[in-house]
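Peer 1: First, the structure itself, so that you have it in front of you.
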Amino acid sequence: MQFYISWSHSDPIYSDYFDKCNMLVSPTGVNGFFNFGKWVNQPKNIIIDSGAYSYLNSGGKPAIQKDVFCKQIRIAEGLKSKALICHLDHPINPKNNDQTSAFHAVERTLGNAYEFMNLYKTSKIYQSHRIEPMATIQGIDYESITFCANELKRIGYNNFGLGSLAPLYNPSEILKRIHYASDIVGAENLHVFGISRIDLAKELFLLKVRSIDSTRPMKAAVHNTVFYSSPFRSYSISEAHKGRYKKLYKTLDCHCPICKTNAQQILKVGSNKYTKARAVHNYYHLSEQLKIVKTSLNRLKCPKV
């Protein structure tokens, strides 16, 4: 299972620190002039989502599929890595369990998926083997999720993501929806948006889900929190006035790129430089913990000789 770090213009360029970094980028998270061709060190794999959740909560005019597609193409200019580009979907509020509104969201998602596929097939990137379309499955229950997934398959998509999970806080409900989608499209073809909890990651490794993504390293850094792996734990830095975790007054043993050069950076506040340093540190430890989970599960599967 691959891990993608969600990136915006205020974040550190993780691929400058980690050569095997996978990255998810949204049109709403970068300025109108951004493209990957400007980067010396590009991520190994990239997902360019539609920014649907941001559009839905902006209160402005509804996003238009063609406009979003044009922004995604601009972002992909100069791209040397493999990339998946998502159509504009319609996220579902996790507090809304009404089937009628859920199917309306699915219908909007499918309408955009049809339009996106037509735009993709008539664009200059269609002949590229590096850039492929990715469908986003929406739904709140078995009926809506399986209907959406089946329709997206009929349109011709081979890569899929499952949306509207990040705001959910019920692990069993999250796993149930992932199972519904993977039964239709295959777990090996499924990306799960916005999930990086270690307990859920174990289940997704076992299910053989293709990939996951998260904004967690940067969000934690902004809130003056640092991660450490093996075992995975979180600390609030000592200079922070408030914090939900045990205070950390000195750095622990760490081999991340930041701590190798100046570990004290992750304990400082008052500058975006320090926030970015914490984000790089946090990315390293979240990635390391996911590797540890994968290794431990593989050992359990191997029979003793």
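Read-outs throughout are calculated quantities, based only on the coordinates presented, and are distinct from any laboratory measurement. The structure presented is a predicted model; accordingly, all values stated were derived computationally and were not measured. Using ideal geometry, Cβ is built from the backbone for each residue, glycine included, and neighbour counts are taken over all protein chains shown.
Peer 1: If neighbour count is taken as other Cβ atoms inside 10 Å, put 116, 34, 227 in order from fewest to most.
Peer 2: Working: 116 27, 34 18, 227 24.
Ordered from fewest to most neighbouring Cβ atoms within 10 Å, 116, 34, 227 come out as 34, 227, 116.
Peer 1: Quick one: length gained pulling residue 155 to residue 64 fully straight, 0.36 nm per residue minus the C-alpha distance? All intermediate terms of the calculation are to be shown ahead of the outcome.
Peer 2: Values: separation 91, 0.36 × 91 = 32.76 nm, distance 1.94 nm.
30.8 nm is the gain from fully extending residue 155 to residue 64.
Peer 1: Right, another one. Among 175, 190, which comes first, then next, by fewest other beta-carbon atoms within 10 Å?
Peer 2: 175, 190
Peer 1: Continuing with the same structure: Helix-derived [θ] at 222 nm for the chain: sum -39500 (n - 2.57) over DSSP H runs of at least 4, divide by residue count, nearest 500?
Peer 2: -13000 deg cm²/dmol
Peer 1: While we're looking at this one, here's another question. Which Rg and Dmax, in Å, describe the Cα atoms of the range 175-305?
Peer 2: Final numbers for Rg and Dmax: 17.0, 55 Å.
Peer 1: Would you grab the residues whose amide H sits under 5 Å from the one on residue 47? Only those 5+ places off in sequence or on another chain, please, with H modelled 1.01 Å from N.
Peer 2: Amide H neighbours of residue 47, under 5 Å, 5+ apart: 23, 24, 25, 84.
Peer 1: Given a 10 angstrom Cα cut-off, can you work out which residue in 133, 231, 257 is the most mobile in a GNM of the chain?
Peer 2: The residue with the greatest mean-square fluctuation here is 231.
Peer 1: Can you say what percent of the DSSP beta bridges in the chain, counting only those with both residues inside, are antiparallel? Round to 5. If you can, show how the numbers build up before the last one.
Peer 2: On the way: 4 of 34 bridges.
Looking only at bridges with both residues in the chain, the antiparallel portion is about 10 percent.
Peer 1: Once the Cα atoms of the range 1-63 are picked out, what are the Rg and Dmax in Å?
Peer 2: Cα-based Rg and Dmax for the range 1-63 come out at 12.8, 39 Å.
Peer 1: Additional query: From Cα coordinates alone, what are the radius of gyration and Dmax values for the range 172-251 in angstrom?
Peer 2: 16.1, 49
Peer 1: Where the convex hull is taken over the Cα atoms of the range 224-296, what is its projected area averaged over directions, in nm²? Mind showing how you got there, number by number?
Peer 2: On the way: hull surface 18.8 nm².
Its average projected convex-hull area is 4.7 nm².
Peer 1: With a 10 Å radius around each residue's Cβ, average the other Cβ atoms per peptide and rank 98-104, 281-287, highest first. Don't skip to the answer; put the middle values down first.
Peer 2: On the way: 98-104: 13.9, 281-287: 23.9.
Output ranking for 98-104, 281-287: 281-287, 98-104.
Peer 1: Apply the Karplus parameterisation 6.51 cos²θ - 1.76 cosθ + 1.60, with θ equal to phi minus 60°, to every residue of the range 33-49 and state each ³J(HN,Hα) to the nearest whole Hz, in sequence, with x for glycine and proline.
Peer 2: 10, 6, 8, 5, x, 7, 8, 6, 10, 8, x, 5, 9, 9, 10, 10, 7
Peer 1: Could I ask something else about it? Quick one, can you get me the convex hull of the C-alpha atoms of the chain expressed as volume per residue in Å³?
Peer 2: Working: hull volume 48.5 nm³, N = 305.
It comes to 159 Å³ per residue, whole-number rounded.
Peer 1: Could you give the distance between the Cα centres of the range 1-63 and the range 242-305, to the whole Å?
Peer 2: 21 Å
Peer 1: On to the next question. Normalised radius of gyration for the range 115-164, please: alpha carbon Rg relative to 2.2 N^0.38 Å, two decimal places. Could the numbers behind the result be given before it?
Peer 2: Working: Rg = 12.2 Å, N = 50, 2.2 N^0.38 = 9.7 Å.
Here the answer is 1.26, to two decimals.
Peer 1: Using alpha-carbon pairs under 8 Å, 6+ residues apart, how would you state the relative contact order of the range 106-218 in percent?
Peer 2: 21 percent
Peer 1: What are the membrane-span-like helices in the chain by this rule: whole DSSP H runs, Cα extent along the axis at least 30 Å, mean Kyte-Doolittle hydropathy at least -1.0? Walk me through the numbers before you get to the answer.
Peer 2: Numbers: long enough: 99-121 (33 Å, -0.42); 272-301 (44 Å, -0.92).
Taking the DSSP H segments of the chain (at least 30 Å long, mean hydropathy at least -1.0), we get 99-121, 272-301.
Peer 1: Explain nothing, just the number: relative contact order of the chain, from Cα pairs under 8 Å at least 6 residues apart, as a whole percent. Don't skip to the end; give the middle numbers.
Peer 2: Values: 535 pairs, mean separation 44.1, N = 305.
That works out to 14 percent.
Peer 1: Distance in nm between label sites at residue 9 and residue 99, each 7 Å beyond Cα in the beta-carbon direction?
Peer 2: Computed distance between label sites residue 9 and residue 99 equals 4.5 nm.
Peer 1: So what's the Cα pair-distance distribution over the range 111-205, bin width 10 Å, in %?
Peer 2: 15, 46, 28, 10, 0
Peer 1: Return 9, 179 ranked ascending by Cβ neighbour count within 10 Å, so the fewest neighbours appear first.
Peer 2: Working: 9 10, 179 14.
The order, fewest Cβ neighbours first, is 9, 179.
Peer 1: How about the range 162-217: which chymotrypsin sites (Phe, Trp or Tyr not before Pro) there lie in a loop by DSSP and see at most 14 other Cβ atoms within 10 Å? Present the calculation step by step, with values, prior to reporting the outcome.
Peer 2: Numbers: sites: 169, 180, 193, 205; in loops: 169, 193.
Here the sparse-neighbourhood loop sites are 169.
Peer 1: I need the phi-derived Karplus couplings for the range 20-26: 6.51 cos²θ - 1.76 cosθ + 1.60, θ = phi - 60°, integer Hz, Gly and Pro marked x.
Peer 2: 10, 6, 9, 9, 10, 10, 10
Peer 1: A further question on this structure: Over 25 Å between Cα atoms: which of 66/153; 44/202; 121/219; 82/291; 176/246; 121/202 fall into that group? Walk me through the numbers before you get to the answer.
Peer 2: Values: 66/153 21 Å; 44/202 23 Å; 121/219 37 Å; 82/291 22 Å; 176/246 33 Å; 121/202 37 Å.
Checking Cα-Cα distances, 121/219; 176/246; 121/202 exceed 25 Å.
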